[in-house]
1. Would you call residue 185 exposed (fewer than 13 other Cβ atoms within 10 Å of the Cβ) and over 22 Å from residue 317 (Cβ atoms)?
2. Sort out which residues of the range 232-273 are of a type outside the set (D, E, K, R), in contact (Cβ under 8 Å) with a residue 40 or more places away in the chain, within 14 Å of ligand 2 (Cβ to nearest atom) and on the phi > 0 side of the Ramachandran plot, and write them in order of number.
3. Out of the residues in the range 213-234 that are of a type in the set (A, V, I, L, M) and surrounded by fewer than 21 Cβ atoms within 10 Å (Cβ to Cβ), which is farthest from ligand 1 (Cβ to nearest atom)?
4. Among the listed residues 342, 355, which satisfies the condition of being in a helix (DSSP H, G or I), touching a helix residue (DSSP H, G or I) at 6+ places or on another chain (Cβ under 7 Å) and of a type outside the set (Asp, Glu)?
5. Can you tell me how many residues in the range 235-274 are within 13 Å of ligand 1 (Cβ to nearest atom) and not in a helix (DSSP H, G or I)?
6. Residues of the range 188-203 being buried (at least 21 other Cβ atoms within 10 Å of the Cβ) and more than 16 Å from ligand 1 (Cβ to nearest atom), which ones?
7. Quick one: in the range 155-168, of everything that is at pLDDT 95 or above and among the hydrophobic types (A, V, I, L, M, F, W, C), which residue is nearest to the chain's Cα centre (by Cα)?
8. Hey, residue 326 hits all of (1) under 30 Å from residue 250 (Cα atoms); (2) touching a residue at least 60 places away in the same chain (Cβ under 8 Å); (3) of a type in the set (A, V, I, L, M, F, W, C) but one; which does it fall short on?
Amino acid sequence: MATLPKVYVSMIADLLHSGHIKVLKEASKYGEVIVGLLSLKACGELNDIPYLDYEKRKEVLESLSMVSKVIPQDSASYKSNLEQLKPKFVVHGDDWIHTNQRKYRDEVIELLKKWNGELIEIPYSSDISETNIKEQMTRLGITTTARLGRLRRLIEAKPIVKILEVHNALSALIAENAKENLKDKEIVTFDGMWSSSLTDSTSKGKPDIEAVDTTARLTTINEIFEVTTKPMIYDADTGGKPEHFEFTVRSLERTGVSAVIIEDKTGLKKNSLLGNEVAQTQDSIENFCHKIKVGKNAQITKEFMIIARIESLILEAGMDDALNRAFAYVRAGADGVMIHSRKKDPSEIIEFVQRFRDKDKTTPVVVVPTSFNSVTTDEFAKMEVNIVIYANHMLRAAYPGMMKVAKLILKHKRSLEAEPYCMPIKEILELIPGTK
Ligand code: SPV
Ligand code: MG
């Protein structure tokens with residue numbers, strides 16, 4: 001019996017719908033359909049993180065009669081799979097001409113020429129698409145567990161996870177919706193949110209000394225979670241006493257927070273960016289490891305992350321101390337380390353990450369480049385940093401605008417002169433969907 005020609009279809013197939021079925025049905029008319037199913041890493045390259053893991057998506061596809069085989073596609077590029085299979089046909093919806101996948105389409109066309117293959121493009125049905133379904137799901141909201149687990153998937157999938165500070169629901173909507181179109185039709189967004197002790201305290205008019213209690217912090221987070229879907233990393237300062245930290249971990253998990261960061265300081269906590277200008281004490285390695293272990297034992301989900309923050313560089317205890325602590329905290333069970341610095345020059349951060357990565361290739365590394373702000377996210381990704389947190393910028397951006405307008409009203413004894421610095425009333429009324 002003559003063998004059928006090979007037909008290659010690449011898919012994420014997260015939420016399978018009639019658009020996918022149409023492509024697969026059409027593909028099966030040309031021969032034996034092999035689906036290249038995008039791995040989590042490949043999805044990350046397309047900035048499209050699926051809800052379902054690889055095995056679940058594979059199981060669904062394999063049960064379809066038009067699919068003869070499902071193989072992994074480990075990159076957004078089809079090159080490796082196509083060169084291996086040399087299929088007669090590649091079938092795709094014609095929508096990719098207008099998206100960030102265009103460069104992969106061009107590559108497919110070039111590759112197919114080598115063995116006289118053919119690209120078949122099926123008219124895309126814009127009424128049903130994964131993007132539309134995902135947008136509708138976002139509008140409906142997200143469950144606690146889905147939000148909680150998402151951070152780990154993002155770390156696995158993306159070269160770098162970008163996190164923005166939020167201190168109330170409105171700033172969180174910016175983290176949720178801010179979007180920038182770069183060249184090559186690449187669309188960049190933030191991946192998640194940072195509940196900062198500094199900005200949550202400051203927006204409540206209190207100093208950053210653990211004076212705002214966990215209940216008040218969680219009230220802010222609940223308001224944020226009502227209107228957003230992205231995962232959150234929580235700044236728990238020192239984590240308090242180990243006996244208290246246990247309760248914090250469980251409260252955060254119940255709320256749907258993905259990770260907590262605790263810093264290895266003890267006594268009255270002061271903000272790190274003050275460094276040794278104020279009295280600050282670092283905890284012993286032994287005590288802090290104990291706190292990490294208590295937290296890990298307390299957590300109920302397997303996805304929740306406890307990240308250990310090392311203050312050695314902030315407190316000028318030296319690079320070797322920072323590294324010793326990092327390895328000790330990982331051995332104690334920390335799911336990641338955050339290294340902090342208040343120097344403008346990034347060299348001590350670069351050295352720490354290099355020396356840490358020499359010995360530990362996998363534990364996620366987090367940085368907060370408030371001071372060393374010249375380094376780009378792409379550069380951090382190259383250094384094998386996993387998460388970058390822009391820790392205070394929303395609050396710092398809002399305050400000068402408010403102060404300027406307040407002073408202009410005082411100066412001119414009316415608001416006319418302040419108007420150019422304010423958002424038009426019509427726009428603020430339309431800012432939040434459902435206002436009208
Ligand atoms: C925060 O945002 O509260 C932080 C980061 O802990 S820093 O202010 O740089 O210490
Ligand atoms: Mg803090």
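The values are calculated or read from the model by the stated rules, or taken from the named source; none is laboratory data. Small disclaimer: the values here were computed from a predicted structure and weren't measured. All Cβ positions, even for glycine, are placed from backbone atoms using ideal geometry, and neighbour counts span all protein chains on display.
1. yes
2. Residue satisfying the conditions is 239 alone.
3. 227
4. On the way: 342 fails: in a helix (DSSP H, G or I).
It is 355.
5. Counting residues in the range 235-274 that are within 13 Å of ligand 1 (Cβ to nearest atom) and not in a helix (DSSP H, G or I) gives 14.
6. 191 - this is the single residue of the range 188-203 that is buried (at least 21 other Cβ atoms within 10 Å of the Cβ) and more than 16 Å from ligand 1 (Cβ to nearest atom).
7. Looking at residues that are at pLDDT 95 or above and among the hydrophobic types (A, V, I, L, M, F, W, C), I get 161.
8. That leaves (2) as the condition not met.
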